[in-house]
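Input: a single structure, listed below in structure tokens.
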Amino acid sequence: MSLATTDNDVPGVRPNYQRVLLKISGEALMGSGEFGIDGKTVDRVAGEVKEAITAGYQICLVIGGGNIFRGVAGAASGMERSTADHMGMLATVMNALAMQNSLEHQGVDTRVMSAIPMMTVCEPYIRRRAVRHMEKGRVVIFTAGTGNPFFTTDTAAALRAAEMSCNALFKGTNVDGVYSADPKTDKTAIRYDQLSYLEVLSKDLKVMDASAVSLSRENNIPIIVFSIQEKGNFVDVLAGKGECTIVS
């Protein structure tokens, strides 16, 4: 059963989503630093999530680990790829715990669920339990990727969005949508309001990796790319008002 509002079926009207997965890069938690976790930045992002929960949305998250360790970078420096990827998964657990701590300080009941069992710090990922947490209004943070090497947290986000029957996969970035090139370095970059999955793949647009885009396409889950840096923007985009790019 879909949780989307009836606006989803009205031509020309942006749908209003009810249950969504928010994907945030680990780098988004660094703030102005070059490494690690910036507490003020985590608190600000957690505040965006709290606003969405207060507005009645069901939210789950996947957070990358690039602010601590990137498996691809480790492999490029000569480390065995599986080992490097597992180290990257552990980095996502640290970010998830930091986000959980901030959310709970702001009064939001939160659960961290890991694809790699580590019972002393968080729950193991069990799909039906995760769905129940969301039905009770809790934020669920999925961590440790898919639990397997050679898969990114983008792919993990698309997978969890499908398993949770989410209406959409929201990707919070530093810009207000998808561009033909990096708008910070190319002033002629074109911004897109809407794209198809195939356009993203054929134009090699850096929205998410190809596996994540394909998985979202197969499960008919739109990808919404927006700026997580603007206060209140997450709720605005959820309600169909903020600036974003919709891939569908």
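The values are calculated or read from the model by the stated rules, or taken from the named source; none is laboratory data. This is a predicted model, so every value here is computed, not measured. Every residue, glycine among them, receives a Cβ derived from its backbone with ideal geometry; neighbour counts consider all protein chains shown.
Annotation note: Cβ proximity below 6 Å between a residue of the stretch 231-244 that is over 17 Å from Val178 (Cα atoms) and a residue that is exposed (fewer than 15 other Cβ atoms within 10 Å of the Cβ) (sequence gap 6+ or interchain) occurs for Val235/Ala55. The listed residues are Thr143, Thr153, and the only one of them that is touching a Gly at 6+ places or on another chain (Cβ under 6 Å) and under 17 Å from Glu27 (Cα atoms) turns out to be Thr153. Can you say whether Gln106 is surrounded by fewer than 20 Cβ atoms within 10 Å (Cβ to Cβ) and out of contact with any Asp or Glu (no Cβ under 7 Å at 6 or more places or on another chain), as far as the supplied structure shows? Here the answer is yes, as Gln106 does meet what is asked. Only residues that are touching a residue at least 24 places away in the same chain (Cβ under 8 Å) and among the basic types (Lys, Arg) were counted across the stretch 39-69, and they come to 2. If I filter the stretch 202-213 down to residues being within 16 Å of Ile246 (Cβ to Cβ) and at pLDDT 90 or above, which single residue comes out as surrounded by the fewest Cβ atoms within 10 Å (Cβ to Cβ)? Among those that are within 16 Å of Ile246 (Cβ to Cβ) and at pLDDT 90 or above, it is Lys203. Cβ-Cβ contacts under 7 Å between residues 6 or more apart (or on different chains), taken from a first residue in the stretch 22-38 that is farther than 21 Å from Ala144 by Cβ to a second residue that is at pLDDT 90 or above and in a loop (DSSP other than H, G, I, E, B), are listed as Gly31/Asp38; Asp38/Met30. For Ala46, the stated conditions hold: it is among the hydrophobic types (A, V, I, L, M, F, W, C) and either part of a helix (DSSP H, G or I) or modelled with pLDDT of 95 or more (or both). The combined condition, being under 15 Å from the mean Cα position of the chain (by Cα), surrounded by fewer than 21 Cβ atoms within 10 Å (Cβ to Cβ) and either at pLDDT 95 or above or not in a loop (DSSP other than H, G, I, E, B) (or both), is fulfilled by Glu27. The residue of the stretch 185-202 that is farthest from Thr152 (Cα to Cα), among those that are within 22 Å of the chain's Cα centre (by Cα) and in a loop (DSSP other than H, G, I, E, B), is Asp193.
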